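Contents: one structure, followed by commentary.
The values are calculated or read from the model by the stated rules, or taken from the named source; none is laboratory data. Worth saying up front: this structure is predicted, and the values here are computed from it rather than measured. With ideal geometry, Cβ positions are generated from the backbone for all residues, glycine too; neighbour counts draw on all protein chains shown. Accessible surface is based on the protein model in full, side chains and every heavy atom, while ligands, DNA and RNA are left aside. Shrake-Rupley method; radii C 1.70, N 1.55, O 1.52, S 1.80 Å.
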Amino acid sequence: MHRRLLGVLAAAFLGTATLTTASVSTASASPAPAKAAVDFTGIVALSNCSGSLVRTPGAADTDPALVLTNGHCYEGGMPSAGQVITNRASSRSFTLLDSSGQGTLGTLRAKTMLYSTMTDTDVTLYRLNTSYAAIRQRYGTPALELSLAHPAAGTDLRVVSGYWRRMYSCSLDGFAYRLREDQWTWKDSVRYTSSCDVIGGTSGSPVIDAASGKVIAINNTINENGERCTLDNPCEVDESGNVTVRPHIGYAQETYGLAACIAPGSVLDFSRAGCTVPHAVRGGR
């Protein structure tokens, strides 16, 4: 989950983050490409992580805007295994980047932390104090759309980090039936090919389908040094309980099961069809 490395990496890389910022070329023989390349539109930076401004396909422009990041990026501390935290007041701020990732458009602010857990998935969802329409009017920036479909192996991916202002490109290699790291276990996790060698600070980055531009997952961890099921060293566990360690391979958590829970008005309704995230509050605050 990169928690251990964050301070060291910040000191080592902050001065060169601009130099390592990846971009996807928009050059094309065609003057009017069918789909714009993925860029930093809708990407935000947190104090310790990355995140994104997101909406569901059915959201109204007047709905309060939402920001997505990891459960382990929650300002209240990492939720314990089995813990689900919902509807907590929050005034957390998010730095909204421009489409190039080099400039800052402004600061967004949360009103409510809607949902945070590290059980089955690793996600925190914030509701802001302003609407999608107001953000679009002030900054000219739309939100990224959350896919409602399970991702597919082989998908061309972009992992876009607001913290580092850096983009990673790789493919969806496959899925881990269970991904175990220290006390936490995640279900049906996305596994990257090796070129998405994510680092501390990329936690919470949206994983974007390069073809559709939709968010299909949220980046959360990588096996840093080959250890087995320890902090910062996740392992895969199959249906029979067999453990596989893949050194230096990164993972993400699917978001379609949370996206299905988001009802009109940017509230959560766990009874909605397709909503699969845990919602029994155990140890919530």
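What value, in deg cm²/dmol to 500, does the helix sum -39500 (n - 2.57) over DSSP H runs of n ≥ 4 give at 222 nm once divided by the residues of the chain?
-1500 deg cm²/dmol, from helical runs alone.
Starting from the amide H of LEU157, placed 1.01 Å from N in the peptide plane, find each other amide H under 5 Å away whose residue is 5 or more places distant or on another chain.
Result for LEU157 returns CYS170, SER171, LEU172, ALA210.
Taking K and R as +1 and D and E as -1, what net charge do the other residues with C-beta under 11 Å from the C-beta of GLU227 add up to?
-3
Along the Cα→Cβ direction, 7 angstrom out, place labels at PHE270 and THR107. What is the inter-label distance in nm?
3.4
I want to verify a result. In a Gaussian network model of the chain, Cα cutoff 10 Å, which of these has the top mean-square fluctuation: SER131, SER116, SER203?
Looking only at SER131, SER116, SER203, the biggest GNM fluctuation is shown by SER131.
Of all the accessible heavy-atom surface of the chain, with the other protein chains kept in place and a 1.4 Å probe, what percent is carbon and sulfur?
Here carbon and sulfur together make up 50 percent of the probe-accessible area.
With a 1.4 Å probe and every protein chain left in place, work out the accessible area per residue of the chain in Å², rounded to a whole number.
Computed with neighbouring chains in place, this is 41 Å² per residue.
State the cysteines of the chain left without a partner when partners are defined as other cysteines whose beta carbon lies under 4.7 Å away.
none
Tell me the label only: which of (1) 86, 66, 35; (2) 73, 66, 33; (3) 50, 42, 36 is Cα extents along the principal axes in Å as calculated from this structure?
From the options (1) 86, 66, 35; (2) 73, 66, 33; (3) 50, 42, 36, the structure gives (3).
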